[in-house]
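In what follows, a single structure is set out as structure tokens and then discussed.
The values are calculated or read from the model by the stated rules, or taken from the named source; none is laboratory data. Note that the structure is a prediction, hence the values are computed from the model and not measured. Don't worry about glycine lacking a Cβ; one is built from the backbone with ideal geometry, like all the others, and counts go over all protein chains shown. To get the accessible areas, we keep the full protein, side chains included, count just its heavy atoms, and leave off ligands, DNA and RNA. Shrake-Rupley method; radii C 1.70, N 1.55, O 1.52, S 1.80 Å.
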Amino acid sequence: MSSKYKIKVGIIGGSGLNDPGNQILKSCCIIKRESVETDFGLPSSNLFQGTIAGVDCVLLSRHGVGHTINPTGVNYRANIEALRSVGCTHIIASTACGSLAESIDRGHFVIPDSFIDRTIHRKGTFYDGTSQSYQGICHIPMEPSFDPQVSNIIQRASEQVGITIRKGGTIVTIEGPRYSSKAESKVFQSWGGHLVNMTICPEVYLAKEAGILYSAIALATDYDCWHESEQVVCTSDVLDVFKQNVGRLIEVIVKSVELIGKQNWDQQIDNLKEIIKSNTLI
């Protein structure tokens, strides 16, 4: 398919997918592991480069291999910039979440379409004078928050591999590493939140600033602490649920990458570049 952009998909592995190079690309060709340093520092892990169904891919462990970095300690800017610097046009991110809705049970997959950011200690923009690559001030619009076309691809991929996935939902990102109080959990529900996690923000809006088409697959692992008849969230239980479903998650990611490679993305990439340009003051 003729395209002016070389498609390359970044895959960010979250909790439970901490060694994506071995888990996803072990049977794929042209595997290369490299260290990348950016103007914003080092990313959480080395980059694992390879191909899935002939599509170039780059895998990154959000918390470091072995889950050694807490949610606030993640260098989100370095992670996104590292993926951009090696040519990523797309990102598919995985994230473990607590469910804030009865209809989203443990083991359910959700493609979020909006977010509420409750973080307070993270650097949320590239445009702060740190790098010559990002000059001025960018007031990036965040509707749509996640790229609709990539989200559609993920939904189609899940249907093709026979895995149920919910399209749409608001994800609340808290600072962590602590979990929510019951009062907080109920407030998030009253705001219209469907899921709660610790990592989607600032990742989602940094990706947009960087000109990368970004979407996420959220896996519900628990009911946070709001549900009267369920146990309060426990990290070991979260990881157990993720482990039970990681094979299904990888199936969806692999098929999504394949489908992304079959589509021409010139218009979507150009549109995002124009959004960044028209909202940046220099």
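Solvent-accessible surface of the chain, averaged per residue with a 1.4 angstrom probe and all protein chains in place: 42 square angstrom.
The aspartates and glutamates within cross-link reach of K167, meaning a Cα-to-Cα straight distance under 14 Å and a gap of 8 or more places when in the same chain, are D113, D147, E159.
Protein chains only, probe 1.4 Å: how do K243, K32, K186 rank by accessible area, largest first?
Result of the area sort, largest leading: K243, K32, K186.
Here the chain has an Rg and Dmax of 17.7, 55 Å, counting Cα atoms alone.
Within the listed set G261, G107, G66, the Gaussian network model of the chain (springs between alpha-carbon atoms below 10 Å) gives the highest mean-square fluctuation for G66. The label point for K32 and the one for T68, both projected 7 Å from the Cα toward the Cβ, are 2.4 nm apart. Mean residue ellipticity, 222 nm, helices only, the chain: the sum of -39500 (n - 2.57) across DSSP H runs of n ≥ 4, divided by residue count and rounded to 500, is -9500 deg cm²/dmol.
The relative contact order of the chain comes to 26 percent, based on Cα pairs under 8 Å that sit 6 or more residues apart. Under the Kirkwood approximation for Rh and a Cα-based Rg, what ratio Rg/Rh is obtained for the stretch 93-176? My calculation of the ratio gives 1.05. Listed by chain and number, the lysines whose C-alpha is less than 19 Å from the C-alpha of K123, apart from same-chain residues fewer than 8 away, are K208.
Here the alpha carbons of the stretch 170-282 define both size measures, Rg and Dmax, at 17.8, 54 Å. Listed by chain and number, the lysines whose C-alpha is less than 18 Å from the C-alpha of K262, apart from same-chain residues fewer than 8 away, are K4, K6, K8. Against the criterion of solvent-accessible heavy-atom surface with a 1.4 angstrom probe, C88, C234 sort, most first, into C234, C88. As a ratio to 2.2 N^0.38 Å, the alpha-carbon radius of gyration computed for the stretch 36-128 takes the value 1.23. Each label point was placed 7 Å from the Cα along the Cα-to-Cβ direction; for I163 and D266 their separation is 3.3 nm. In a fully extended conformation the segment linking W191 and T125 would gain 21.3 nm over its present Cα-Cα distance, using 0.36 nm per residue. For D147, the solvent-accessible surface with a 1.4 Å probe is about 30 Å², rounded to the nearest 10. Based on the Kirkwood approach, the hydrodynamic radius assigned to the stretch 72-219 is 16.0 Å, with every pair of different Cα atoms included.
Of all alpha-carbon pairs in the stretch 209-269, indicate the percentage at a distance above 18 angstrom.
That fraction is 56 percent.
Among the protein heavy atoms of the chain, carbon and sulfur supply 49% of the accessible surface, probe 1.4 Å, non-protein parts ignored. Choose one answer from T51, T170, T68: the residue with the largest mean-square fluctuation in a GNM of the chain with alpha-carbon springs under 10 Å. With Cα springs under 10 Å in the chain, the top fluctuation among T51, T170, T68 is at T68.
When only the Cβ of Lys, Arg, Asp and Glu is charged (+1, +1, -1, -1), the dipole of the stretch 142-249 relative to its Cα centre reaches about 240 debye. Placing unit charges on each Cβ (+1 for Lys and Arg, -1 for Asp and Glu) gives the chain a dipole about its Cα centre, and among A183, T221, I165 the Cα reaching farthest toward its positive end belongs to I165. All C-alpha pair distances within the stretch 236-282, sorted into 10 Å bins from zero, spread as 21, 23, 23, 23, 9 percent across the bins. Taking the DSSP bridge list for the stretch 109-248 and keeping only pairs wholly inside it, about 15 percent are antiparallel. When both the stretch 210-282 and the stretch 82-157 are represented by their alpha-carbon centers, they are found 7 Å apart. Screening the chain for whole DSSP H helices of 30 Å or more along their axis (Cα) with average Kyte-Doolittle hydropathy at least -1.0 returns 235-260. Which percent, nearest 5, of DSSP beta bridges in the chain are antiparallel? Once the DSSP bridges in the chain are tallied, antiparallel ones form about 35 percent.
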